[in-house]
Amino acid sequence: MALSLEICTSDQLKILADISRKTFVDAFEKQNNPEDFKAYVNSAFSEEVLAKELSNNDSTFFFVYKDDKLAGYIKINEDQAQTDIKDPEALELERIYILEAFQGQKIGRWLLEKVKNLALEKRKGFIWLGVWEKNTDAIKFYQNYGFSKFGTHPYIIGSDKQTDWLMRYKLD
């Protein structure tokens, strides 16, 4: 299995928007109110919103490829781009989205190692992320990797106020 990472650029905006919507819908559509969910997806993953996120110097999107096929992407945030903590010692892993066809192939674990190495290169003290409290498979995945819960924050989808667990991984 040949895996590779590539920084996503503004000329790949349509691809980013498409994969963002596809992975999010596949993962969460069935557990949410259809009207709230559709409005959220159309807003959060619009090309305008993603273009703004791509232009932020403290955020980076990476596409992950398996054997030259796009398998998913990650988004990391530093400093003021972080959604909650904004700690200069921290690196936020805001998104780790893998297409269904590539799930269960240890790509997530490989990506976490890449993020860990990137955080170490940037001399960060910890990595943190938010994960929906009802996404028990993801919570178990992060716990198995060494992440632990340290708090919660609200995640709003339309009129539905959901709760994300905040989890962190202390770097050596």
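The values are calculated or read from the model by the stated rules, or taken from the named source; none is laboratory data. Predicted model only: the values in this text are computed from it and were never measured. All Cβ positions, even for glycine, are placed from backbone atoms using ideal geometry, and neighbour counts span all protein chains on display.
When each of Ala27, Ala17 is tested for being out of contact with any strand residue (DSSP E or B) (no Cβ under 9 Å at 6 or more places or on another chain), small (Gly, Ala, Ser) and either closer than 14 Å to Tyr97 by Cα or touching a residue at least 24 places away in the same chain (Cβ under 8 Å) (or both), the lone residue that passes is Ala17. Check off (1) assigned to a helix (DSSP H, G or I); (2) at pLDDT below 95 for Lys22 and give me the number that stays unchecked. The failed condition is (2). The single residue among Tyr97, Tyr65 that is at pLDDT 95 or above, in contact with a Gly (Cβ under 6 Å, 6 or more places away or on another chain) and of a type in the set (Phe, Trp, Tyr) turns out to be Tyr97. Filtering the stretch 130-162 to residues that are of a type in the set (D, E, K, R) and in contact with an Asp or Glu (Cβ under 6 Å, 6 or more places away or on another chain) leaves only Asp160. When you check Leu70 against the structure, is it in contact (Cβ under 8 Å) with a residue 60 or more places away in the chain, farther than 24 Å from Asp160 by Cα and over 15 Å from the mean Cα position of the chain (by Cα), yes or no? For Leu70, the condition - in contact (Cβ under 8 Å) with a residue 60 or more places away in the chain, farther than 24 Å from Asp160 by Cα and over 15 Å from the mean Cα position of the chain (by Cα) - is not met.
Selection of first residues in the stretch 81-99 that are within 15 Å of Phe61 (Cβ to Cβ) and of second residues that are part of a loop (DSSP other than H, G, I, E, B) and of a type in the set (Ser, Thr, Tyr), restricted to Cβ pairs under 8 Å at least 6 apart or on distinct chains, gives the following pairs, ordered by first then second residue: Glu92/Thr83; Glu94/Thr83.
Taking the conditions (1) surrounded by 18 or more Cβ atoms within 10 Å (Cβ to Cβ); (2) under 19 Å from Ser10 (Cα atoms) in turn, Leu91 satisfies each one other than (2). How many of the residues in the stretch 35-76 are farther than 20 Å from Val131 by Cβ, surrounded by fewer than 19 Cβ atoms within 10 Å (Cβ to Cβ) and charged (D, E, K, R)? Count: 9.
When the stretch 41-85 is filtered for residues that are among the basic types (Lys, Arg) and assigned to a strand (DSSP E or B), the ones remaining, listed by number, are Lys66, Lys69, Lys75.
Listed here are the residues, each with its yes/no results for (1) surrounded by 14 or more Cβ atoms within 10 Å (Cβ to Cβ); (2) under 16 Å from the mean Cα position of the chain (by Cα); (3) at pLDDT 95 or above; (4) under 21 Å from Ala71 (Cα atoms).
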residue	(1), (2), (3), (4)
Gly104	no, no, no, yes
Leu111	yes, yes, yes, yes
Phe150	no, no, yes, no
Gly158	yes, no, no, no
Lys161	no, no, no, no
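Just checking, how many residues over the stretch 140-172 are outside any strand (DSSP E or B) and under 17 Å from Trp110 (Cα atoms)? Residues flagged as outside any strand (DSSP E or B) and under 17 Å from Trp110 (Cα atoms) within the stretch 140-172 amount to 9. Note on the stretch 115-142: residues that are closer than 19 Å to Leu171 by Cα, surrounded by fewer than 16 Cβ atoms within 10 Å (Cβ to Cβ) and in contact (Cβ under 8 Å) with a residue 12 or more places away in the chain amount to 3. Within the stretch 30-48, the residues that satisfy the criterion of being without any contact (Cβ under 8 Å) to a residue 24 or more places away in the chain and of a type outside the set (A, V, I, L, M) are Lys30, Pro34, Lys38, Asn42, Ser43, Glu48.
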